[in-house]
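The values are calculated or read from the model by the stated rules, or taken from the named source; none is laboratory data. Note that this is a predicted model, so its numbers are computed, not measured. Here the Cβ positions follow ideal geometry from the backbone for every residue, glycine too, while neighbour counts run over all protein chains shown. When the accessible area is computed, the model is the full protein with side chains, heavy atoms only, and any ligands, DNA or RNA have been set aside. Shrake-Rupley method; radii C 1.70, N 1.55, O 1.52, S 1.80 Å.
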Amino acid sequence: TIAGGDVVVDGLTVTVAATLAAEDDEGDIPFEVVVHDLTGNELTVNALTAGVTWLDKTAPTIVSAHSDRRWVRGGDLLTLVLTYAEHPADDGAVGVLQSSPLPVVTFADGNAADSVVVDGLTVTATYTVQADDADGPIAFSVTVKDDIGVNANEAIATVALTDGYETDIDNTAPTIVSCVADDDHVRAGNVLTLSLEFDDGAGQSTIQQSPMPVVSVMGNEPDSVTIDGLSMEVVYTIRGDDDEGALYFSVTVIDDMDAGTGNTAEAVTELTSGSTIVDLSLPVMTASVTDRSYYSCVMTVELTITVT
(Lines give C-alpha, C1' and ligand atoms only; values in the text may rest on other atoms or scores of the structure.)
Protein backbone atom coordinates (compact mmCIF):
# COMPACT_ATOMS: atom_id res chain seq x y z
CA THR A 1 0.00 0.00 0.00
CA ILE A 2 1.26 3.45 -0.94
CA ALA A 3 -1.78 5.67 -1.14
CA GLY A 4 -3.54 2.97 -3.16
CA GLY A 5 -0.87 2.70 -5.82
CA ASP A 6 -0.86 0.43 -8.85
CA VAL A 7 1.40 -2.64 -8.63
CA VAL A 8 3.34 -4.30 -11.46
CA VAL A 9 5.33 -7.53 -10.91
CA ASP A 10 8.12 -8.52 -13.31
CA GLY A 11 9.98 -11.58 -12.14
CA LEU A 12 11.66 -10.56 -8.91
CA THR A 13 10.93 -6.87 -9.37
CA VAL A 14 7.88 -5.09 -7.99
CA THR A 15 7.02 -1.59 -9.22
CA VAL A 16 4.49 0.52 -7.34
CA ALA A 17 3.14 3.76 -8.84
CA ALA A 18 0.93 6.10 -6.82
CA THR A 19 -0.39 9.64 -7.20
CA LEU A 20 -0.01 11.65 -4.01
CA ALA A 21 -3.01 13.68 -2.92
CA ALA A 22 -3.08 17.28 -1.69
CA GLU A 23 -4.35 16.15 1.68
CA ASP A 24 -1.50 13.66 2.21
CA ASP A 25 0.77 14.52 5.12
CA GLU A 26 4.05 16.23 4.39
CA GLY A 27 7.15 14.31 5.29
CA ASP A 28 8.49 10.79 4.90
CA ILE A 29 6.14 8.85 2.61
CA PRO A 30 4.96 5.68 4.41
CA PHE A 31 4.58 2.53 2.35
CA GLU A 32 4.24 -1.20 2.75
CA VAL A 33 4.83 -3.88 0.12
CA VAL A 34 4.07 -7.55 0.93
CA VAL A 35 5.35 -10.14 -1.54
CA HIS A 36 5.19 -13.96 -1.66
CA ASP A 37 7.30 -16.41 -3.51
CA LEU A 38 5.64 -19.29 -5.33
CA THR A 39 5.82 -21.48 -2.24
CA GLY A 40 4.00 -18.90 -0.09
CA ASN A 41 6.92 -17.43 1.85
CA GLU A 42 6.08 -13.83 2.73
CA LEU A 43 8.25 -10.68 2.80
CA THR A 44 7.15 -7.26 4.03
CA VAL A 45 9.05 -4.17 2.86
CA ASN A 46 8.29 -0.79 4.56
CA ALA A 47 11.61 1.05 4.41
CA LEU A 48 14.03 2.08 1.71
CA THR A 49 17.45 0.49 1.59
CA ALA A 50 18.98 3.78 0.32
CA GLY A 51 17.92 7.44 0.10
CA VAL A 52 14.65 9.00 1.23
CA THR A 53 11.21 9.51 -0.23
CA TRP A 54 9.71 12.76 0.92
CA LEU A 55 6.41 14.50 0.26
CA ASP A 56 7.28 18.20 0.05
CA LYS A 57 4.34 20.60 0.27
CA THR A 58 6.28 23.58 1.65
CA ALA A 59 7.70 26.37 -0.53
CA PRO A 60 11.19 27.70 0.17
CA THR A 61 11.41 30.63 2.60
CA ILE A 62 13.93 33.46 2.52
CA VAL A 63 16.65 33.39 5.18
CA SER A 64 18.78 36.30 4.01
CA ALA A 65 19.02 38.68 1.07
CA HIS A 66 21.88 41.12 0.89
CA SER A 67 23.62 43.40 -1.59
CA ASP A 68 27.29 44.18 -2.14
CA ARG A 69 26.78 47.95 -2.61
CA ARG A 70 25.32 50.84 -0.58
CA TRP A 71 25.02 53.26 -3.51
CA VAL A 72 24.92 52.55 -7.24
CA ARG A 73 24.46 54.58 -10.41
CA GLY A 74 24.07 53.91 -14.12
CA GLY A 75 26.76 51.48 -15.28
CA ASP A 76 27.51 50.02 -11.84
CA LEU A 77 27.32 46.25 -11.36
CA LEU A 78 25.17 45.18 -8.41
CA THR A 79 25.24 41.67 -6.90
CA LEU A 80 22.47 40.21 -4.74
CA VAL A 81 22.98 37.01 -2.75
CA LEU A 82 19.84 35.29 -1.43
CA THR A 83 19.78 32.23 0.82
CA TYR A 84 16.64 30.15 1.34
CA ALA A 85 15.47 27.41 3.70
CA GLU A 86 13.49 24.53 2.32
CA HIS A 87 12.55 22.62 5.51
CA PRO A 88 12.82 23.07 9.26
CA ALA A 89 16.18 21.82 10.44
CA ASP A 90 14.69 18.82 12.23
CA ASP A 91 12.80 17.54 9.19
CA GLY A 92 15.73 15.53 8.01
CA ALA A 93 15.31 16.60 4.38
CA VAL A 94 17.76 18.73 2.42
CA GLY A 95 16.12 20.99 -0.15
CA VAL A 96 17.47 22.32 -3.40
CA LEU A 97 16.19 25.23 -5.48
CA GLN A 98 15.08 24.62 -9.03
CA SER A 99 17.68 25.74 -11.56
CA SER A 100 15.96 24.67 -14.78
CA PRO A 101 14.18 26.84 -15.47
CA LEU A 102 16.05 29.44 -13.46
CA PRO A 103 14.30 31.57 -10.82
CA VAL A 104 12.48 34.65 -12.14
CA VAL A 105 14.61 37.69 -11.26
CA THR A 106 13.92 41.31 -12.22
CA PHE A 107 15.36 44.67 -11.21
CA ALA A 108 14.20 48.28 -11.30
CA ASP A 109 11.32 48.65 -13.75
CA GLY A 110 11.14 44.95 -14.66
CA ASN A 111 14.61 44.71 -16.18
CA ALA A 112 16.10 41.23 -16.44
CA ALA A 113 19.15 40.31 -14.38
CA ASP A 114 22.50 40.01 -16.14
CA SER A 115 23.03 36.58 -14.61
CA VAL A 116 21.35 34.20 -12.16
CA VAL A 117 23.24 31.33 -10.53
CA VAL A 118 21.64 28.71 -8.29
CA ASP A 119 23.79 26.71 -5.88
CA GLY A 120 21.76 24.51 -3.59
CA LEU A 121 19.64 26.92 -1.58
CA THR A 122 21.54 30.07 -2.64
CA VAL A 123 20.76 32.38 -5.55
CA THR A 124 23.30 34.93 -6.81
CA ALA A 125 21.93 37.57 -9.21
CA THR A 126 23.85 40.37 -10.90
CA TYR A 127 22.47 43.50 -12.54
CA THR A 128 24.01 46.47 -14.33
CA VAL A 129 22.20 49.60 -13.18
CA GLN A 130 20.73 51.63 -16.03
CA ALA A 131 21.08 55.40 -16.38
CA ASP A 132 17.28 55.76 -16.54
CA ASP A 133 16.59 53.64 -13.44
CA ALA A 134 14.70 55.67 -10.86
CA ASP A 135 16.60 57.13 -7.91
CA GLY A 136 15.87 55.60 -4.53
CA PRO A 137 15.90 52.13 -2.96
CA ILE A 138 16.74 49.38 -5.45
CA ALA A 139 13.63 47.55 -6.62
CA PHE A 140 13.95 43.84 -7.34
CA SER A 141 11.95 40.64 -7.32
CA VAL A 142 13.25 37.08 -6.98
CA THR A 143 10.85 34.13 -7.25
CA VAL A 144 12.23 30.64 -6.64
CA LYS A 145 10.83 27.11 -6.60
CA ASP A 146 12.04 23.97 -4.90
CA ASP A 147 13.49 21.36 -7.20
CA ILE A 148 10.82 18.63 -7.17
CA GLY A 149 9.68 18.68 -10.76
CA VAL A 150 6.74 20.19 -12.62
CA ASN A 151 4.66 20.67 -9.49
CA ALA A 152 7.43 22.42 -7.55
CA ASN A 153 6.43 24.63 -4.65
CA GLU A 154 6.80 28.30 -5.54
CA ALA A 155 8.04 30.71 -2.89
CA ILE A 156 6.61 34.14 -2.25
CA ALA A 157 8.65 36.65 -4.26
CA THR A 158 11.54 38.20 -2.34
CA VAL A 159 11.37 41.97 -2.86
CA ALA A 160 13.41 43.40 0.03
CA LEU A 161 16.87 43.03 1.52
CA THR A 162 17.01 41.41 4.93
CA ASP A 163 20.47 42.43 6.14
CA GLY A 164 23.68 44.23 5.25
CA TYR A 165 23.59 47.30 3.05
CA GLU A 166 20.48 49.16 2.10
CA THR A 167 21.05 49.78 -1.59
CA ASP A 168 19.95 53.01 -3.29
CA ILE A 169 20.23 54.11 -6.89
CA ASP A 170 21.59 57.62 -7.35
CA ASN A 171 21.66 58.78 -10.95
CA THR A 172 21.40 62.47 -10.03
CA ALA A 173 24.43 64.76 -9.81
CA PRO A 174 24.76 67.40 -7.07
CA THR A 175 23.36 70.86 -7.85
CA ILE A 176 24.62 74.20 -6.57
CA VAL A 177 22.54 75.91 -3.89
CA SER A 178 24.77 78.89 -3.14
CA CYS A 179 28.21 80.19 -4.09
CA VAL A 180 29.42 83.40 -2.43
CA ALA A 181 32.73 85.23 -1.99
CA ASP A 182 33.82 86.98 1.20
CA ASP A 183 34.99 90.18 -0.58
CA ASP A 184 33.69 92.26 -3.46
CA HIS A 185 37.00 93.94 -4.40
CA VAL A 186 40.41 92.31 -4.15
CA ARG A 187 43.99 93.11 -5.15
CA ALA A 188 47.27 91.23 -5.27
CA GLY A 189 48.03 89.59 -1.94
CA ASN A 190 44.43 89.53 -0.75
CA VAL A 191 43.14 86.15 0.41
CA LEU A 192 39.71 85.39 -1.08
CA THR A 193 37.38 82.64 0.20
CA LEU A 194 34.61 81.07 -1.86
CA SER A 195 31.90 79.21 0.07
CA LEU A 196 29.77 76.72 -1.87
CA GLU A 197 26.73 74.68 -0.79
CA PHE A 198 25.42 71.76 -2.87
CA ASP A 199 22.29 69.63 -2.80
CA ASP A 200 22.16 65.98 -3.88
CA GLY A 201 18.46 65.33 -3.43
CA ALA A 202 17.80 61.87 -2.04
CA GLY A 203 21.32 60.79 -2.95
CA GLN A 204 24.67 61.17 -1.25
CA SER A 205 25.25 63.34 1.79
CA THR A 206 28.81 64.23 0.89
CA ILE A 207 31.01 65.34 -1.96
CA GLN A 208 33.79 63.05 -3.14
CA GLN A 209 37.17 63.89 -1.59
CA SER A 210 39.33 61.23 -3.24
CA PRO A 211 40.12 62.46 -5.74
CA MET A 212 39.37 66.05 -4.74
CA PRO A 213 37.06 68.20 -6.90
CA VAL A 214 38.59 69.98 -9.89
CA VAL A 215 38.93 73.65 -8.85
CA SER A 216 40.60 76.64 -10.49
CA VAL A 217 40.51 80.36 -9.63
CA MET A 218 41.69 82.88 -12.20
CA GLY A 219 43.03 79.87 -14.09
CA ASN A 220 45.25 78.80 -11.19
CA GLU A 221 45.10 76.15 -8.49
CA PRO A 222 43.63 77.39 -5.22
CA ASP A 223 45.57 77.52 -1.97
CA SER A 224 43.24 75.00 -0.36
CA VAL A 225 39.94 73.15 -0.81
CA THR A 226 37.99 71.93 2.21
CA ILE A 227 34.92 69.68 2.07
CA ASP A 228 32.41 69.07 4.83
CA GLY A 229 29.48 66.97 3.67
CA LEU A 230 27.87 68.99 0.87
CA SER A 231 29.70 72.20 1.79
CA MET A 232 32.95 73.37 0.21
CA GLU A 233 35.38 76.18 0.96
CA VAL A 234 37.95 77.35 -1.60
CA VAL A 235 40.78 79.70 -0.54
CA TYR A 236 42.85 81.62 -3.10
CA THR A 237 45.48 84.36 -2.81
CA ILE A 238 45.15 86.96 -5.58
CA ARG A 239 48.29 87.16 -7.70
CA GLY A 240 49.95 90.17 -9.27
CA ASP A 241 49.62 88.65 -12.74
CA ASP A 242 45.92 87.71 -12.44
CA ASP A 243 43.57 89.29 -14.95
CA GLU A 244 41.83 92.43 -13.82
CA GLY A 245 38.07 92.54 -13.85
CA ALA A 246 35.38 90.15 -12.71
CA LEU A 247 36.61 87.16 -10.71
CA TYR A 248 36.40 83.92 -12.67
CA PHE A 249 36.63 80.38 -11.34
CA SER A 250 35.47 76.81 -11.97
CA VAL A 251 34.44 74.16 -9.41
CA THR A 252 33.43 70.63 -10.51
CA VAL A 253 32.30 68.17 -7.83
CA ILE A 254 31.24 64.50 -7.78
CA ASP A 255 28.97 62.86 -5.22
CA ASP A 256 30.68 60.29 -3.05
CA MET A 257 29.69 56.75 -4.05
CA ASP A 258 30.92 53.98 -1.74
CA ALA A 259 32.66 52.42 -4.72
CA GLY A 260 33.14 53.30 -8.34
CA THR A 261 32.54 56.72 -9.88
CA GLY A 262 29.88 59.11 -8.62
CA ASN A 263 27.73 61.57 -10.56
CA THR A 264 29.61 64.60 -11.88
CA ALA A 265 27.91 67.95 -11.36
CA GLU A 266 27.93 70.77 -13.88
CA ALA A 267 30.86 73.10 -13.25
CA VAL A 268 30.06 76.08 -11.00
CA THR A 269 31.50 79.19 -12.68
CA GLU A 270 29.47 82.06 -11.20
CA LEU A 271 28.58 83.46 -7.82
CA THR A 272 24.93 83.00 -6.92
CA SER A 273 24.86 86.41 -5.23
CA GLY A 274 27.11 89.45 -5.24
CA SER A 275 30.20 89.96 -7.37
CA THR A 276 33.95 90.21 -6.91
CA ILE A 277 36.26 92.49 -8.89
CA VAL A 278 40.00 91.96 -9.17
CA ASP A 279 41.74 95.38 -9.22
CA LEU A 280 45.52 95.34 -9.60
CA SER A 281 46.06 98.91 -10.94
CA LEU A 282 47.35 101.78 -8.83
CA PRO A 283 45.51 105.10 -9.20
CA VAL A 284 47.09 107.52 -11.76
CA MET A 285 46.82 111.28 -11.25
CA THR A 286 45.72 113.03 -14.40
CA ALA A 287 45.32 116.58 -13.00
CA SER A 288 46.12 118.63 -9.90
CA VAL A 289 44.92 122.28 -9.94
CA THR A 290 43.91 125.06 -7.56
CA ASP A 291 41.04 127.44 -7.97
CA ARG A 292 43.37 130.44 -8.48
CA SER A 293 47.02 131.36 -8.86
CA TYR A 294 47.51 133.90 -6.04
CA TYR A 295 46.13 134.01 -2.50
CA SER A 296 46.31 136.44 0.40
CA CYS A 297 46.29 135.58 4.06
CA VAL A 298 43.16 133.93 5.46
CA MET A 299 42.04 132.94 1.95
CA THR A 300 40.99 129.27 1.40
CA VAL A 301 42.91 127.30 -1.14
CA GLU A 302 40.85 124.82 -3.12
CA LEU A 303 42.96 122.00 -4.57
CA THR A 304 41.33 119.58 -7.07
CA ILE A 305 43.08 116.30 -7.90
CA THR A 306 41.79 114.02 -10.67
CA VAL A 307 42.83 110.36 -10.76
CA THR A 308 42.02 107.32 -12.91
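Structure above, values below:
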read-out	value
P(r) tail fraction, the range 185-250 - alpha-carbon pairs more than 21 Å apart, %	30 percent
Percentage, to the nearest whole number, of Cα pairs in the range 167-308 over 18 Å apart	63 percent
Value of D in µm² per second that Stokes-Einstein yields for the range 64-222, Kirkwood Rh from Cα pairs, at 37 °C (0.692 mPa s)	170 µm²/s
Portion, in percent, of the accessible area of the chain that falls on carbon or sulfur, probe 1.4 Å	52 percent
Extension gain from LEU303 to ALA47, taking 0.36 nm per residue of separation minus the Cα-Cα distance	79.6 nm
Built amide H within the under 5 Å cut-off of LEU78, gap 5+	TYR127, THR128, VAL129
Dipole of the chain [Lys/Arg +1, Asp/Glu -1 at C-beta], most positive-end residue of TRP54, THR308, TYR248	THR308
For the range 64-143, diffusion coefficient by Stokes-Einstein and Kirkwood Rh (Cα), 4 °C, 1.567 mPa s, µm²/s	95 µm²/s
Dipole in debye (nearest 20) - the chain, about Cα centre, beta carbon charges: Lys, Arg +1; Asp, Glu -1	960 debye
Hz values of 3J(HN,Hα) by residue in the range 226-239 - Karplus curve (6.51, -1.76, 1.60), Gly and Pro given as x	10, 10, 9, x, 9, 10, 9, 10, 10, 10, 9, 9, 5, 9
Calculated SAXS-style log₁₀ I(q)/I(0) at q = 0.18 Å⁻¹ - the range 1-147, Debye, Cα scatterers	-1.05
Karplus (6.51, -1.76, 1.60) ³J(HN,Hα), θ = phi - 60°, over the range 36-53, in Hz, Gly and Pro reported as x	10, 7, 5, 9, x, 5, 10, 9, 10, 10, 9, 8, 6, 8, 7, x, 9, 10
Rotationally averaged projected area of the chain (alpha carbon convex hull; nm²)	27.5 nm²
